[in-house]
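Report on the following structure.
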Amino acid sequence: EKFTHDHLNTIGKLDGENYEVTIDNKYQYGQKNKTGENRFIVYHDKERKPYQHRFIEGCLANQAAAFAEHVVKYFGQASAGSALVDLARTAFGDYLHDY
C-alpha cells in the first residue's frame, strides 16, 4: 500500500517539515524505565499489543549497527544482531502503555 499524508492530515497539523499532534488516548508510549527515561510515543492500531522492544530494535539497528559490530566482536561474539535484540528486550520488554 502506498503511503500518503492524507491520514497524517487527519491526526495532526503540518508545521514546516514536521507534523504537530495532540497526544491523547489514541496514542501509546514506551519508555526505558518507570521514571520515563527515553520515552517515545506510538500511534497504531491499539487492538494489537506489541512489546516496546519491537519499536526499539529497528532504531538500534539503524543507529548503532557498525559500532555494535565492533563492540560485540571485541567481546568475542559472532554478530551484534542477537545481542541488540536481547538488549532491546531487556530494556524495553513491556507492552506499550496507554495515556
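Just so you know, all these numbers are worked out from the coordinates, no wet-lab data involved. Note that the structure is a prediction, hence the values are computed from the model and not measured.
On a full-extension model of 0.36 nm per residue, what is the gain between T35 and H97, subtracting their alpha-carbon distance, rounded to one decimal in nm? Please report the intermediate quantities before stating the final value.
Numbers: separation 62, 0.36 × 62 = 22.32 nm, distance 1.34 nm.
Value of the extension gain: 21.0 nm.
At a Cα cut-off below 26 Å, give the lysines reachable from K13, other chains included and same-chain residues fewer than 8 away excluded.
Once the sequence-local lysines are set aside, what remains near K13 is K2, K26, K46.
Lysines near K73 by alpha-carbon distance under 29 Å, same-chain residues fewer than 8 away left out - which ones?
Excluding near neighbours in sequence, the set is K32.
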